[in-house]
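Worksheet for the structure shown next.
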Amino acid sequence: MGTVLTLPKPMSDPESADWIAALSEGSDDATQRLYELLLRAARFEVGRRRSALDGVVDAEQLAADAAHDARRKLRLCLAEQGLDEYLEAA
């Protein structure tokens, strides 16, 4: 039997708990969902700051790179310390 996760209150609903468990198991589907959420958030932030970018960079590429880097960092953190420890530190 695997590690039992202790979820913080905001993630105690069954759907979130299942997704967190799938992430901790390295599920490709869960990781892809995470990437899509990160990309959506990055696009929002890039759009919000677009005037400051003044056309210097490709906004879509910047958002994709940010989402990719965030997903990679999360995967490394999970591999090093496990999900419970990561959530406690976050």
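Each reported figure results from applying straightforward, stated rules to the coordinates on display, with no laboratory input. These numbers were taken from a predicted model, which means no experiment stands behind them. Note: ideal-geometry Cβ built from the backbone for every residue, glycine included; neighbour counts use all protein chains shown.
Observations, loosely collected:
- Projecting the Cα atoms of Ala52, Tyr35, Leu76 onto the charge dipole of the range 31-89, computed from C-beta unit charges around the Cα centre, puts Ala52 farthest toward the positive end.
- Summing charges over neighbours of Leu39, with a neighbour being any other residue whose Cβ is under 12 Å away from its Cβ, gives -1 when K and R count +1 and D and E count -1.
- One quarter of the convex hull surface built on the alpha carbon atoms of the range 31-89 amounts to 4.5 nm², the projected area averaged over directions.
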